[in-house]
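Peer 1: Quick one: the structure is below, questions incoming.
The values are calculated or read from the model by the stated rules, or taken from the named source; none is laboratory data. Since the model is a prediction, treat every value here as computed from it, not as a measurement. Note that we place each Cβ from the backbone using ideal geometry, even for glycine, and neighbour counts take in every protein chain shown.
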Amino acid sequence: MTITRFDPFRDLMSLQQRINRLFEEVFPRGERAEVVQAAWAPAVDIYEEPDAILIEADLPGLSKDDVTVNLENNVLTIQGERKLEREDKRENYRRIERAYGVFARSFTLPSNVDAAKIDAEFKNGVLRIRLPKKEEAKPRQIEVK
């Protein structure tokens, strides 16, 4: 089984970005810039080892206190918020590209994951979640007699 990413707003966000781009082309802002609290989703790598599935999420600029990991109804959810730490009212900004605001990523877990042994670690801006497989799901060598 594989982990399936659940993102009900992906198509809506894509449409919103296209509409925003259209308005930017028609009504340019010129030299002024404004900070928008845009929805964002951190990049995630998922890979499988013989005894576990591993999820790594890039969360630069966040601390472990800014992130929560929940498991409910076999869905693992990573949530958090990147806050704009400074309120600069300068006129000389040329571009602000880093997204700020609330994020959430959800993953449906396969049935072979042992939910009681899930472990999460946050280090150097990377969240690592280890999803151990149940003993009966791990590969094993069978002796031929």
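Peer 1: Residues in the stretch 120-132: is at least one touching a strand residue (DSSP E or B) at 6+ places or on another chain (Cβ under 8 Å), at pLDDT 90 or above and under 16 Å from R5 (Cα atoms)?
Peer 2: Checked the stretch 120-132: at least one residue is touching a strand residue (DSSP E or B) at 6+ places or on another chain (Cβ under 8 Å), at pLDDT 90 or above and under 16 Å from R5 (Cα atoms).
Peer 1: Just the residues that are modelled with pLDDT under 90 and either among the small types (G, A, S) or touching a Phe, Trp or Tyr at 6+ places or on another chain (Cβ under 6 Å) (or both), please, taken from the stretch 69-102.
Peer 2: R82, L84, A99, G101
Peer 1: Please go through the stretch 46-79 and pick out each residue that is over 21 Å from A116 (Cβ atoms) and free of Cβ contacts under 8 Å to residues at least 12 places away in the same chain.
Peer 2: Correct list: Y47, D65.
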